[in-house]
1. For a quick check of your reading of the filter: which GluC sites (Glu not before Pro) in the stretch 79-174 sit in a DSSP loop and have no more than 14 other Cβ atoms within 10 Å?
2. By the scheme Lys and Arg +1, Asp and Glu -1, what is the net charge of all other residues having a beta-carbon under 15 Å from that of Asp267?
3. Evaluate the Kirkwood expression for the hydrodynamic radius of the stretch 51-156, namely the inverse of the mean inverse distance over all pairs of different C-alpha atoms, and round to one decimal in Å.
4. Roughly speaking, what is the centre-to-centre gap between the stretch 309-326 and the stretch 339-418 when only Cα atoms are used, to the nearest Å?
5. Can you list the trypsin sites (Lys or Arg not before Pro) in the stretch 309-418 that are in a DSSP coil and have 16 or fewer other beta carbons within 10 angstrom?
6. How many percent of all Cα-Cα pairs in the stretch 356-412 sit more than 16 Å apart?
Amino acid sequence: MTWFGRADSPHQIRFRPLNESAILAATMLVIAALGAVVLSDAGKDGAATVRDPRADAGGAIPGLSIYVSPGASLTDTFVTLAPDADPPRIELRNKQSGALMASVRTSFAPLVLARPAANQLLVADFVRDEDRDPPEKSRLLVLNLEGDLAVSQIVELPARAGYAVYYPGMLLSADERYLYYYALENRDALPFCSNGGDAQVCDRVSVRTVDLDHPELPPVAVTLDQGCGTISMAQAGASGAWVACGSSSTVSLVSPSGRILRIVDFDIQLSSDQDSEFGHNVPRIVNVFSSGALVGVLVEDGTYRVSSVDGTIVSYAVVPRGFVLARRGQAQEVDSRTALLSIVEPGGRSSNGISGVVRFDLVTGEIIEVVDVTAVSVVQAGDQYWIIRASGVDRASVADPSAEVSLTGQTEAQVIIP
């Protein structure tokens, strides 16, 4: 048994390196590809058909282009997102071969979620409408996977918060009926901040809910604490959501009807050696998780804190000593019992890359294993890891991460949606 550094947790860690030769080969591909032109949508997967999607009322949908490979099946695919591409790009690729099935070019600050039960892809972005004030508006495009990505609905998302650096500000409820999203009112429009002010004081944050079965209804809003900061969300039961404010210690259970049903205070305190490390008063909540009746938060100091049904809060160290959480908030609830988080060596903390991933138990806080992988992002879907590098998207078995398979060539993707 090999140890990945030394864990802060008392639990043993299984360490399994990903294929080092694959990592070296990927690095060489990046070097060789410098200055190369990015492949077109068709790439080596065959010529793509270009379709001009039409809104229900007729006319082209602005800021949206859809490319579908001839004869492509879109139901057995994984989704990648390149939010920094110009224009931003979503790709659907076959889970086994990695072949490009379709790509969607959107307007700015896109978010994407899969809605498997309905065979739909939910895409949110911003478009400009010069007749509006402000001219930017966010919309939700409902794309049908069984119909060549035909747009079946366009739903406005009032006050949806955009981003400069990618941020996953949408959540689909477990029953796939309700879409929760992070909303932010313009602080210049608030009377007590008319002359500007600090975001922590002036921003008015809410989480808003769209009923996808009745999208004609206006979103239901729940206003959160003033200066809430960036929020994180997790599924709660069939239709609810746990919502955590990054700048506070509390997590709220929100219903789709707009009620706050429960508030859990994790009482996050600052230890004496953390003041200079974070540059603010209290280490922030970066992710919230749920497991049955339990709710837990991942804090930027590398602790996972879980609240039981009776309100008892227990803290666990889930980041091995010598490492810190990756900055991009790369943490994922894999299933009802386990989660995955990305770590990086302190010297690389400001970069977008990661040095490894930790799988841990959401109930006990036990570190199940630490996998050594150099990548942009890693997510787990079932018994597979999806790995993004500049050289492409790779796949590895959770049972044997060293058995890595390269699926795609050079990519701009930064996010995978299983």
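Every number here is computed from the coordinates shown, using simple stated rules; none is lab data. From a predicted model like this one, the values you see are computed outputs, not experimental measurements. Every residue, glycine as well, gets a Cβ built from its backbone with ideal geometry; the counts of neighbours run over all protein chains shown.
1. Values: sites: Glu91, Glu130, Glu136, Glu146, Glu156; in loops: Glu130, Glu146.
Those satisfying the criteria are Glu130, Glu146.
2. Values: positive: Arg284, Arg305; negative: Asp265, Asp301.
Summing Lys and Arg as +1 and Asp and Glu as -1 gives 0.
3. Values: mean 1/r = 0.0708 Å⁻¹.
Hydrodynamic radius (Kirkwood, Cα only) of the stretch 51-156 equals 14.1 Å.
4. Rounded to whole Å, the Cα centres lie 19 Å apart.
5. Values: sites: Arg321, Arg327, Arg328, Arg337, Arg349, Arg359, Arg389, Arg395; in loops: Arg327, Arg328, Arg337, Arg349.
In loop regions of the stretch 309-418 (DSSP not H, G, I, E or B), the sparsely surrounded trypsin sites (Lys or Arg not before Pro) are Arg337, Arg349.
6. On the way: 688 of 1596 pairs.
Of all Cα-Cα pairs in the stretch 356-412, 43 percent lie more than 16 Å apart.
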